[in-house]
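Reviewing the structure listed below.
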Amino acid sequence: MVGAVLVGMLVLVLAGCGCVVWAERGGPRWARAVAALTLAAGDLLRSAEQRRRRRERRERWLLGKGGSGESSGD
């Protein structure tokens, strides 16, 4: 079941990438709409990952200043 979901998501990702390429070359209106959704989803995922990394860096910095005696330069 999990494999089927992963394969389905892979097909959707590949179809979205194909629509981005097709829309760049002047494809139909529906391909441009799918391309816009695909690019927006990519931007959303990228910004979420950047926020997560910033939060982790901030937490490591705060833990390092906590004076726990551990050296962070391993």
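Some notes on this structure:
- Test for R54: is it out of contact with any strand residue (DSSP E or B) (no Cβ under 9 Å at 6 or more places or on another chain) and surrounded by fewer than 11 Cβ atoms within 10 Å (Cβ to Cβ): yes
- First in segment 1-25 and of a type in the set (A, V, I, L, M, F, W, C) and open to solvent by less than 50 Å² (accessible area, probe 1.4 Å), second anywhere and at pLDDT 95 or above and not in a helix (DSSP H, G or I), Cβ under 9 Å, 6 or more apart: none
For (1) in a helix (DSSP H, G or I); (2) at pLDDT 95 or above; (3) not aliphatic (A, V, I, L, M), each residue gets a yes or a no:
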| position | (1), (2), (3) |
| --- | --- |
| L12 | yes, no, no |
| D43 | yes, yes, yes |
| Q50 | yes, no, yes |
| R54 | yes, no, yes |
| W61 | yes, no, yes |
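- Scanning segment 45-65 for residues that are over 17 Å from M9 (Cα atoms) and either in contact (Cβ under 8 Å) with a residue 12 or more places away in the chain or under 8 Å from the mean Cα position of the chain (by Cα) (or both) yields R46, S47, A48, E49, R60.
The values are calculated or read from the model by the stated rules, or taken from the named source; none is laboratory data. Nothing here was measured: the structure is a model prediction, and the numbers come from that model. Glycine gets a Cβ as well: all are built from the backbone with ideal geometry, and neighbour counts include every protein chain shown. Heavy atoms of the whole protein, side chains included, go into the accessibility calculation; ligands, DNA and RNA do not. Shrake-Rupley method; radii C 1.70, N 1.55, O 1.52, S 1.80 Å.
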